[in-house]
Amino acid sequence: MAENTEPARTTRTTARARAGQVGGTATADRPTLPAPTSRGGQRTQTAPTPQEARQDGAPHRKVAVVTGAGSGIGRAVAHALIAAHWTVVLAGRRAQALAETSRLAGPLDSGGPAVLTVPTDVTRPDEVDALFATVRERFGRVDLLFNNAGTFGRAAALEDLAYDDWRAVVDVNLTGSFLCAQAAFRAMKSQEPQGGRIINNGSVSAHTPRPHSVAYTATKHAMTGLTKSLSLDGRPYNIACGQIDIGNAATEMTGRMQTGILQANGQLAAEPVMDAADVARTVVHMAELPLNANVQFATVMATNMPYIGRG
């Protein structure tokens with residue numbers, strides 16, 4: 001099951017960009033954007049506005065926002081999109097983790113796609129609004145949102161789960177996903193050319209739960225409803241929405257699956273995992289379809305995990 005999580009709460013910090021890439025700052029009001037910096041031996045990378053791109057006959061650069069980009073699935077997807085020549089905006093709570101994702105992407109070609117890091121708490125409407133305002137200020141549009149930020153929360157028996165633990169998972173997985181989708185939808189509806197794509201990160205738990213996972217499972221079922229509503233409401237505006245349900249991708253948060261995790265029969269058992277890069281390739285495939293085609297739901301899972309026939 002997808003475990004693309006970040007710590008539940010950290011102090012918000014200023015956005016940073018690695019040398020040679022575009023930098024920006026997320027604020028509650030209009031973003032203040034520092035001048036881009038350049039890597040030695042390279043030109044400063046800046047993105048033309050869509051108007052500039054149309055005037056010189058070149059297509060606009062594809063711009064993606066990836067939430068939860070500081071680790072796990074988010075980091076893998078960000079790197080795959082960068083490799084596919086997307087300009088990528090990295091969003092997440094931890095500025096240092098976002099900077100590491102940017103660094104690990106490697107050097108970028110002069111004049112190619114840019115990488116922007118914007119520390120963002122997706123549970124805060126003002127920070128989400130500032131994130132998308134920053135993206136539009138810098139790049140002029142939003143072509144893709146990978147709605148990935150999430151947390152598994154505390155594993156606990158239903159009767160022992162505290163209200164605060166329940167609420168923390170709902171705030172990130174459901175409310176955060178809604179806020180980001182709403183902001184992306186507004187941008188895609190109003191930009192020219194109109195449209196874009198939203199890919200929600202669900203989970204195999206959107207279909208079949210694990211023991212002691214009521215908050216996570218409930219929010220991932222809700223993610224499916226969000227995906228369907230976005231797909232329907234986006235039709236008039238050329239906005240496509242799909243969902244990827246992930247099972248046992250190898251990330252920082254899934255180590256316990258390889259050592260032993262609670263099964264439906266009450267036993268502990270190790271489970272196989274797959275490379276997160278395999279998930280990322282699927283997301284890129286979904287992202288690069290023309291907007292008149294859509295992968296509505298996709299499941300990518302470790303082949304031998306006990307999901308099929310769980311219980």
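The values are calculated or read from the model by the stated rules, or taken from the named source; none is laboratory data. Keep in mind that what you see is a predicted model, and the values were worked out from it rather than measured. Please note: Cβ atoms are built from the backbone with ideal geometry, for glycine as well, and neighbour counts cover all protein chains shown.
Quick check on the range 261-276. Is at least one of its residues within 19 Å of the chain's Cα centre (by Cα) and in a loop (DSSP other than H, G, I, E, B)?
Checked the range 261-276: no residue is within 19 Å of the chain's Cα centre (by Cα) and in a loop (DSSP other than H, G, I, E, B).
Results for (1) within 25 Å of Met286 (Cβ to Cβ); (2) assigned to a helix (DSSP H, G or I); (3) among the small types (Gly, Ala, Ser), shown as yes or no for each residue.
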{"site": "Ser205", "(1), (2), (3)": "yes, yes, yes"}
{"site": "Arg210", "(1), (2), (3)": "no, no, no"}
{"site": "Ala215", "(1), (2), (3)": "no, yes, yes"}
{"site": "Thr224", "(1), (2), (3)": "yes, yes, no"}
{"site": "Leu230", "(1), (2), (3)": "yes, yes, no"}
{"site": "Cys241", "(1), (2), (3)": "yes, no, no"}
{"site": "Ile246", "(1), (2), (3)": "yes, no, no"}
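Just to be sure before I move on: is Glu159 part of a helix (DSSP H, G or I) and either of a type in the set (Phe, Trp, Tyr) or free of Cβ contacts under 8 Å to residues at least 40 places away in the same chain (or both) in the structure I sent?
Spelling it out, Glu159 is indeed part of a helix (DSSP H, G or I) and either of a type in the set (Phe, Trp, Tyr) or free of Cβ contacts under 8 Å to residues at least 40 places away in the same chain (or both).
If you scan the range 194-231, which residues turn out to be under 22 Å from Gln182 (Cα atoms) and among the small types (Gly, Ala, Ser)?
Within the range 194-231, Gly195, Gly196, Gly202, Ser203, Ala206, Ala218, Ala222, Gly225, Ser229, Ser231 qualify.
Would you be able to tell me the number of residues in the range 262-281 that are surrounded by fewer than 20 Cβ atoms within 10 Å (Cβ to Cβ) and closer than 14 Å to Arg210 by Cβ?
Total satisfying the criteria: 8.
Would the range 221-244 turn up any residue that is within 28 Å of Thr303 (Cα to Cα), modelled with pLDDT under 95 and of a type in the set (Ser, Thr, Tyr)?
No, the range 221-244 contains no residue that is within 28 Å of Thr303 (Cα to Cα), modelled with pLDDT under 95 and of a type in the set (Ser, Thr, Tyr).
All but one of (1) under 17 Å from the mean Cα position of the chain (by Cα); (2) touching a residue at least 60 places away in the same chain (Cβ under 8 Å) hold for Val170, so report the exception by its number.
Result: Val170 passes all but (2).
Can you work out which of the residues in the range 184-202 that are over 14 Å from the mean Cα position of the chain (by Cα) and surrounded by 23 or more Cβ atoms within 10 Å (Cβ to Cβ) is farthest from Val283 (Cα to Cα)?
Restricting to residues being over 14 Å from the mean Cα position of the chain (by Cα) and surrounded by 23 or more Cβ atoms within 10 Å (Cβ to Cβ), the top hit is Met188.
Restricting to the range 95-112, name every residue that is surrounded by 18 or more Cβ atoms within 10 Å (Cβ to Cβ) and either of a type in the set (Asp, Glu) or under 18 Å from the mean Cα position of the chain (by Cα) (or both).
Result: Ala95, Ala97, Leu98, Ala99, Thr101, Ser102, Ala105.
Tell me, please, whether a residue that is closer than 23 Å to Thr151 by Cα, basic (Lys, Arg) and modelled with pLDDT under 85 can be found in the range 250-257.
yes
Quick test of your reading of the structure: Phe297 fulfils all but one of (1) of a type outside the set (Gly, Ala, Ser); (2) under 19 Å from Ala149 (Cα atoms); (3) crowded, with 17+ Cβ neighbours inside 10 Å. Name the failing condition by number.
If we test Phe297 against (1) of a type outside the set (Gly, Ala, Ser); (2) under 19 Å from Ala149 (Cα atoms); (3) crowded, with 17+ Cβ neighbours inside 10 Å, just (3) comes out false.
Hey, could you check the range 114-141 for residues that are among the β-branched types (Val, Ile, Thr) and surrounded by 24 or more Cβ atoms within 10 Å (Cβ to Cβ) and say which is farthest from Ala181 (Cα to Cα)? Spell out the reasoning first.
First, pick out the residues of the range 114-141 that are among the β-branched types (Val, Ile, Thr): 115, 117-118, 120, 122-123, 128, 134-135.
The next check asks that each one be surrounded by 24 or more Cβ atoms within 10 Å (Cβ to Cβ); those that pass are 115, 117-118, 120, 122, 128, 134-135.
Details: Val115: 21, Thr117: 19, Val118: 17, Thr120: 14, Val122: 11, Val128: 10, Thr134: 16, Val135: 14 Å.
The extreme case among them is Val115.
What pairs come out if I take residues in the range 212-238 that are surrounded by fewer than 17 Cβ atoms within 10 Å (Cβ to Cβ) and of a type in the set (S, T, N, Q) and pair them with residues that are at pLDDT 95 or above and in a helix (DSSP H, G or I) whose C-beta lies under 8 Å away, six or more apart or interchain?
These pairs meet every condition: Asn238/Met188.
Give the number of residues within the range 93-150 that are among the charged types (D, E, K, R), outside any helix (DSSP H, G or I) and closer than 22 Å to Gly72 by Cβ. Before you say what the answer is, go through the steps one by one.
So the first thing to find is which residues in the range 93-150 are among the charged types (D, E, K, R), and the list is 93-94, 100, 103, 109, 121, 124, 126-127, 129, 136-138, 141, 143.
Pick out the ones that are also outside any helix (DSSP H, G or I) and you get 93-94, 109, 121, 124, 141, 143.
Now narrow it down to the ones that are closer than 22 Å to Gly72 by Cβ: 93-94, 121, 124.
The qualifying residues number 4.
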